[in-house]
1. Assuming a ≥ b ≥ c are the square roots of the Cα gyration tensor eigenvalues, decide whether the chain counts as rounded (a/c under 1.5), prolate (otherwise, with a/b larger than b/c) or oblate.
2. How compact is region 2-165 by the rule of thumb for globular proteins, expressed as Cα Rg over 2.2 N^0.38 Å?
3. Among the listed pairs LYS403/LYS581; LYS197/LYS581; LYS201/LYS403; LYS201/LYS581; LYS467/LYS550, which are separated by more than 23 Å between their Cα atoms?
4. Mind sorting PHE114, PHE172, PHE540 by how few other Cβ atoms lie within 10 Å of their own Cβ, fewest first?
5. Give me the net charge of ARG543's neighbourhood, meaning all other residues with Cβ under 14 Å from the Cβ of ARG543; Lys, Arg count +1, Asp, Glu -1.
6. Starting at the first residue of region 354-360, write each ³J(HN,Hα) from the Karplus equation 6.51 cos²θ - 1.76 cosθ + 1.60 with θ = phi - 60°, in whole Hz, x for Gly and Pro.
7. Considering all projection directions equally, how large on average is the shadow of the alpha-carbon convex hull of region 183-274, in square nanometres?
8. Which trypsin sites (Lys or Arg not before Pro) in region 487-584 pass both tests, a DSSP loop state and at most 14 other beta-carbon atoms within 10 Å?
Amino acid sequence: MQVEATFPDVGLGTLVLRMSRSSPGRYSLHDFAKNVYDVHVTGANGREIETTRPDPYGWNASGHGGSATVKYKVYGDRVDGTYLAVDTTHAHINMPAAIMWAHGLDERPITVTFDQPAGMGGRWLVATQLHGEGFPILNNVPIPPSYTFTAPNLQYLMDSPADFGIIGIRRFSVGQKNFRFALHHTGTDAELTDYAKDVEKIVREEGAIYGEYPNYEPGYYTFIADYLPYASGDGMEHRNSTVISAAASIATGRGRLLDTVAHEFFHCWNVERIRPKGLEPFDFDRANLSGELWLAEGFTQYYGPLALQRTNLVDLTSTLRTIGGLIESVSGPGHLVRSAEEMSRMAPFIDGGRTSDRTNWSTTVISYYPFGGAIALAMDLSLNDRSDSRLSLDDFMRAMWTKFGKPGGVREGYVDRPYTMADAEAALAEVSGDRAFAHEFFSRYIQGHDVADYARLLSRAGFTVRKRNAGRAWLGDMRLESRNGTRVATLVAPTWPVYAAGVDQDDVLQQLDGTRIGGDADVATVLQRHKPGDTIPIVFADRTGVAQTKTITLGEDPHVDVVEAGSLSPAQRAFRDRWLKSRQ
Ligand SMILES: [Zn+2]
C-alpha cells in the first residue's frame with residue numbers, strides 16, 4: 001500500500017518519524033516498521049532530503065525547512081485486529097501497522113484520505129470510526145473517487161481501524177444510539193440481514209447491563225467484520241468500533257462469531273472507557289503494561305457468553321460448558337505460581353508474542369481471559385449469594401462505569417479517569433457495602449492464589465460441579481510423543497502425581513506398572529487397571545539416558561463439568577433466573 005503523510009508547520013528541528021511498536025488492545029511488541037520500505041521524505045521546497053535511522057523503528061528528517069512529506073510503501077497480508085492486509089477486495093487497515101507519525105505532534109487534528117485504487121471499479125466503501133462518511137450509498141450519493149475523514153488527535157487515529165473495500169452494511173438504532181454492522185464476506189445479503197438482527201439483540205442486552213450506552217462521538221458505533229476464508233480469527237476493541245475477523249462464514253460459524261460480537265461490544269464500556277491506568281494514554285513506542293487485564297479482558301470474556309445466554313442465542317448446555325471451562329482454567333497449576341494480577345502483566349509476552357526459547361508457561365501461566373472470566377463468575381455469584389440476588393456483577397460494572405467510564409469519556413481519544421486496582425476494590429466495597437468482603441475477595445482471588453468455592457456458589461443456582469471421570473486413576477495430563485523413543489511431550493506440573501517420581505519433559509517413558517509404553521493409549525490401558533490411591537512402578541530414562549525406577553501414587557482425575565443438579569427448589573430457580581435471564 002502506498003502511503004503519503006504531510007506534516008505542516010513543524011518548526012526547524014528534526015522531525016522524528018516513527019512506526020508504532022505496539023497496538024492498542026494487543027499487548028506484545030509488533031515493530032511495524034519491519035514492513036515499511038521505499039521511504040522518501042521531501043521538505044518545504046519539495047526537494048527530497050536525507051533521512052537517518054537512529055533506531056529500527058523509524059526515520060529522522062532534518063533540514064526540511066518547516067514542513068515535510070513522507071512517502072512510503074507498506075506490506076501487509078494478515079486480516080485481523082492488529083495488522084494490515086491489502087488485496088483486490090479490500091485494504092484492511094489497522095492504523096499502527098500502516099501509518100507513520102511524528103513525535104511531539106500527538107494533539108494535532110489529522111485528515112485521512114482514502115483513494116479508490118486503480119482498476120478495482122471504484123466501488124469501494126469505508127467502514128471506520130473516523131469522522132466522515134464512508135457509506136455514500138446509504139444517502140443515495142454516488143461513490144466518490146476518494147473519501148476524506150478526520151481524527152481529533154493521534155490517539156484517536158491509531159484507535160480507528162478501517163476496512164476499505166467491498167462492504168455490505170446494516171443499520172439499527174436503540175433509543176437515540178445508532179449502530180452499523182459493516183461486513184466484508186463471501187455470504188449472501190440475506191444472511192447479513194438476518195445476522196444483524198442477532199447483533200442487535202446482543203447490543204440491547206448489554207446496554208441493559210449498564211442502563212445506557214456511551215457517547216459514540218462519530219454519531220454511531222461501527223462493527224467492522226471480515227468473514228473471509230483467508231482471514232485470521234480475531235476481535236479487537238476500539239472506542240467507537242470493533243474489528244472482528246474470522247475464516248468462518250455466517251453459515252458455518254454463526255455461534256462463535258456472535259460470541260466474538262458479544263465480547264467486543266462489551267468492550268465499548270469495559271476497557272475503552274472503564275480503562276486501567278496502565279493503558280492510558282497508550283504509548284506507541286513501547287509495550288504497555290497493566291495488572292488489571294483480568295478485569296478488562298476477563299470480565300469481558302465472562303459477559304460475552306452471559307449476554308448470549310440472556311438473549312437465548314445459546315442454550316444452557318453451552319453456557320454450562322463455558323462456565324466449566326472457566327473453572328477448569330482457574331484451577332490449573334499456574335494459579336499457584338502467579339496471581340491474576342501477575343498473569344495480566346504477562347500480556348506483553350503472550351498476547352501476540354512469540355518465543356524461540358522454551359518456556360514453562362504451560363504450567364505457570366493461565367491466560368487472564370479465562371482466569372479473569374472465572375473471577376467474574378465468582379464475583380457475580382458471591383454478590384448474588386450475599387444479597388439474595390439483590391446485587392450482581394452488573395451492579396459492580398455499573399459502579400465502575402459511573403465512577404470511571406462515564407465521567408472519563410469526555411475527551412475523544414483519551415480516558416481521563418482510568419482506574420487502579422485499589423479503585424476496583426473500592427468499587428466492590430461500595431457495591432457490596434462490605435469493605436472486608438471486598439478486601440478478602442481481592443487479596444485471595446485476584447492478588448493471591450486461592451480458588452473460589454465454585455461448587456458451593458453454583459449450587460445456589462441449582463448446578464453441580466461434577467468430576468468428569470469420577471473414580472478414574474490419573475497420573476497427570478501428560479502427553480507422549482514418538483521421537484527417538486516414547487518421550488514426554490509436555491512439561492510436568494508439580495500438581496501431577498507423576499511429578500513426584502521426577503519425570504520431566506523429554507524423558508523416555510519405558511514401563512508403567514510392568515507394561516511397555518509405546519504411546520498415550522498404553523498409559524490409558526494401565527490406568528484402567530487401577531484406582532486412585534494405588535501405587536505403581538514407573539521406569540523411565542532422563543535426558544542423560546540413565547534409566548531409573550520410581551513409584552507413582554495415582555490420583556483421581558480432577559477435571560470437572562458443570563451440570564444441572566436435577567429438580568430445583570424455588571430458591572434455586574429464582575437465583576438462576578436472576579442470574580441468567582434477560583435484563584430487558
Ligand atoms: Zn477482549
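No value in this document is a laboratory result; all are computed from the given coordinates. Just so you know, these numbers come straight off a predicted model, no measurement behind them. Ideal geometry is used to build each Cβ from the backbone, glycine not excepted, and the neighbour counts take in all protein chains shown.
1. Details: a/c = 1.96, a/b = 1.46, b/c = 1.35.
It comes out prolate by the Cα gyration axes.
2. Numbers: Rg = 16.1 Å, N = 164, 2.2 N^0.38 = 15.3 Å.
For region 2-165, the normalised Cα radius of gyration is 1.05.
3. On the way: LYS403/LYS581 26 Å; LYS197/LYS581 19 Å; LYS201/LYS403 27 Å; LYS201/LYS581 14 Å; LYS467/LYS550 28 Å.
Pairs exceeding the cut-off: LYS403/LYS581; LYS201/LYS403; LYS467/LYS550.
4. Details: PHE114 21, PHE172 15, PHE540 25.
Exposure proxy ranking, most exposed first: PHE172, PHE114, PHE540.
5. On the way: positive: ARG358, ARG483, ARG487; negative: ASP504, ASP506, ASP507, ASP542.
So the environment of ARG543 carries a net charge of -1.
6. Coupling constants for region 354-360: 10, 10, 8, 8, 5, 10, 9 Hz.
7. Numbers: hull surface 22.7 nm².
The Cα convex hull of region 183-274, projected and averaged over all directions, gives 5.7 nm².
8. On the way: sites: ARG487, ARG516, ARG529, ARG543, LYS550, ARG573, ARG576, ARG578, LYS581, ARG583; in loops: ARG529, ARG543, LYS581, ARG583.
For trypsin sites (Lys or Arg not before Pro) across region 487-584 that sit outside H, G, I, E and B with at most 14 neighbouring Cβ atoms in 10 Å, the list reads ARG529, ARG543, LYS581.
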